[in-house]
Amino acid sequence: MATAKKRRTKGSGSIVKRGKVYYLVIKEDGKVVSKKSLRTGDRKTAEQKAEELLPNFDLKTKEEFVAKVAEIRRLKSQDKVKLSQAWEMFYTSKFRRQQTAEGTLGNYKRNYERFLGWLNRNYPTCKTLSEITLKIAEEYAQDVEDMIISNSTYNYHIRGMATITNVLMHDAGISENVWERIPRKPNDSIGKKAFTEEEVGRLLEAFDDESLKLMYKEQMKILFCIALFTGMRLADCALLLWRDIDLKSGMISLMPVKTKGSRKRITAPLTPAFREKLQEAADSWGMDGYVIPAVAERYQQNASGVSDDIQKVISFIGLETNIEPEVGLSRKRKAVQYGFHSFRHTFCSHSASNGMPVALLSEITGDSIATLQKYYVKIQHQALHKAATAIPGLPVTAKEVSQEQPAPKHAIKENLLAELQNATDLTDREKMLLALLKEK
């Protein structure tokens, strides 16, 4: 007499054989909602795998049944995001922030490829995104830290991994982003210094010194001038095209390399001094294509070579480009205090100190108002220090207050007062100083 097959309980699915392989099939309202290969042709082994995949328990309500179906779907999706394909899935995902600059995406890709290399060496059997555990993330974070990099670079690396995972979490069937649980380190970045007017003069004069040897020396001088008069980043200065310059209206309009993803253009005016330098470039190398063609070609083939020559010029006038980190900072490598980006700081600081509205500076540089506000805060503090010298000594004790004669009222220069009136985020002490200055 044949032995009847043991019926599976409601909600635990049914095992069916298709060809030589058994499948676990889950139905809802008569429709197949999940079908997973058990990867075996043996019925007994298939039953065991099904039991492991779906613990056998009675489903009392439809809600429980639906929850179990959702769990099956999640388990199925965990195999969908292969680590070898994750970058391409991230890059093409509609859920990715489309405004992210290509330069940033390039950094993310390099960091992700580094992670894959490390993973293949340490966890060679790990093939899907869902298999990345907190333990693995912590071990990799330690490996990144061992690279002897600054805290800001470390944070950037971990943040990139978290961003990629966030975009792919749904497809990967995971509910937690383990990279978000990796603690970030305190910021230890050292910002670039702005050049003084005297230093700018010496930098430009250096190009007339025959002892300074550079490739395309005359064009490199124009490169420095473009940065000085526009505050643009190195890539935008080196690759500036004549078609982006309207000599008739006296404006430059282009889409910076860093923000191409957002399609945001910047617009900068041509000052008389800048027009003069552009005319020199036009007379020397024509107006077809790049403003400084030799430097543009070199930058596209060897950007680091152009950067090295920039640092060479800065060092030539006696400025120390790299400095040792301060005692107490976690960073171990030297920090760059002067570089091409110093021209951007110089442009922004000079514009702010000369009263350019922050909204206009944002239009010229492409930076957000929040980012640019630091230059105005610095100017406000400088103005307050100047103002403090014009304020009479404040009484310290109540007795001194009663004996104090009315202070003489000083005339304050209109431009200084205007700077203070436009100041934001003043402390109570600074507000008191401003009130005193406004007295007539």
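The values are calculated or read from the model by the stated rules, or taken from the named source; none is laboratory data. Keep in mind it's a predicted model, so treat the numbers as computed, not measured. We place every Cβ from the backbone using ideal geometry, glycine too, and count neighbours over all the protein chains shown. What goes into the accessible areas is simple: the full protein's heavy atoms, side chains included, and nothing from ligands, DNA or RNA. Shrake-Rupley method; radii C 1.70, N 1.55, O 1.52, S 1.80 Å.
Structure summary
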| quantity | calculated |
| --- | --- |
| Viscosity 0.890 mPa s, 25 °C: Kirkwood-radius Stokes-Einstein D of the range 116-237 over Cα pairs, µm²/s | 132 µm²/s |
| Environment charge at residue 89 (Cβ cut-off 13 Å; Lys +1, Arg +1, Asp -1, Glu -1) | +3 |
| Solvent-accessible surface ranking, highest first, for 246, 308 at 1.4 angstrom | 308, 246 |
| Formal net charge of residues neighbouring residue 159 (Cβ-Cβ distance under 11 Å; K, R +1; D, E -1) | 0 |
| Accessible-area value, residue 45, 1.4 Å probe, nucleic acids and ligands omitted, Å² | 50 Å² |
| In the range 79-117, the chymotrypsin sites (Phe, Trp or Tyr not before Pro) that fall in loop regions by DSSP, at most 15 other Cβ within 10 Å | 95 |
| For residue 126, net neighbour charge (Lys/Arg +1, Asp/Glu -1) across residues whose Cβ lies under 12 Å away | +2 |
| Solvent exposure ordering (accessible area, 1.4 Å, most first) of 247, 228 | 247, 228 |
| Span per principal axis, largest first, for the Cα atoms of the range 88-163 (Å) | 33, 30, 18 |
| Rounded accessible area of residue 16 (nearest 10 Å², 1.4 Å probe) | 40 Å² |
| With all protein chains modelled, accessible area of residue 25 [1.4 Å, Å²] | 10 Å² |
| Sequence of 365, 267 when ordered by accessible area, the most exposed leading, probe 1.4 angstrom | 267, 365 |
| Probe 1.4 Å, accessible area per residue of the range 141-286, Å² | 49 Å² |
| Percent accessible area from carbon and sulfur atoms, the range 230-270, protein chains only, probe 1.4 Å | 55 percent |
| Scattering curve values for the range 195-277, log₁₀ I(q)/I(0), Debye with Cα scatterers, q = 0.12, 0.19, 0.20, 0.22 Å⁻¹ | -0.40, -0.91, -0.99, -1.12 |
| Sulfur and carbon atoms: percent of accessible area, the range 125-200 [1.4 Å] | 51 percent |
